[in-house]
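Asker: This is the structure I have questions about; it appears just below.
Every number here is computed from the coordinates shown, using simple stated rules; none is lab data. Here the structure is a predicted model, which is why all the values come from computation and not from measurement. A quick note on method: Cβ atoms are made from the backbone with ideal geometry, for glycine too, and the neighbour counts reach across all protein chains shown.
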Amino acid sequence: MVKLVVFYEKPFCAANAKQKQILRQSGCTLIERNLLEHGLDKEMLRSFMGEKRVEEWFNPAAPAIKNGEIIPNTLDEGEAMALLLSNPILIRRPLMIIGTERVCGFDADKVSEMLDRYIEPMPKINCMEKGCLEKKSAL
């Protein structure tokens, strides 16, 4: 079975490294993307947030959040999205695509449920139909 995950991360993030290790140990194949350089547009970024509250879109460990420069629960959706697009370090990580679903943040139970829904079987190849087996003639 193929477990494919598109994983948007901040390179060298220790938490993202642990999350990738968990996914690989559970048999996932990862397509890794640099969240800081990938250039997600507003609609694409919004699609990862789902029903989360605006303050849940933000990485609580980001310096501007920790030092009180930005207070996510005071922002409306438009203000929040503008900040996230202009400074991707603020985005809660990882962003993941599993099957047709998108998710922001790493909730192990939710990720496990998503993987269970979107495991794709490897294609079966009948070598006789494909002609990959030939009858050997007696010499």
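Asker: E113 to E69: FRET efficiency via 1/(1 + (r/R0)^6), r the Cβ-Cβ distance, R0 35 Å, to the nearest 0.05?
Answerer: Using R0 = 35 Å, I get an efficiency of 0.50.
Asker: With label points built 7 Å along Cα→Cβ from the Cα atoms of A14 and E43, find their separation and express it in nm.
Answerer: 4.0 nm
Asker: Additional query: By per-residue mean of other Cβ atoms within 10 Å, what is the highest-first order of 101-107, 87-93, 51-57?
Answerer: Highest-to-lowest ranking by the protection proxy: 87-93, 101-107, 51-57.
Asker: Taking amide H positions as placed 1.01 Å from N in the peptide plane, with prolines and chain starts having none, which residues 5 or more places from R92, or on another chain, fall under 5 Å of its amide H?
Answerer: So R92 has HN proximity to F58, N59.
Asker: According to the Cα gyration tensor, what semi-axes, each the square root of 5 times an eigenvalue, does the equivalent ellipsoid of the range 39-108 have, listed from largest to smallest in whole Å?
Answerer: Taking √(5λ) for each Cα gyration eigenvalue gives 20, 13, 11 Å.
Asker: If I histogram all Cα-Cα distances within the range 3-130 using bins 5 Å wide from 0, what percent of pairs lands in each bin?
Answerer: 2, 10, 20, 21, 17, 12, 7, 4, 2, 2, 1, 1, 0, 0
Asker: Kindly work out what percent of the DSSP beta bridges joining two residues of the range 3-130 are antiparallel, to the nearest 5.
Answerer: Of all bridge pairs located within the range 3-130, approximately 55 percent are antiparallel.
Asker: Given a Förster distance of 30 angstrom, what is the FRET efficiency for L4 paired with E77, based on the Cβ-Cβ distance and rounded to 0.05?
Answerer: So the FRET efficiency works out to roughly 0.50.
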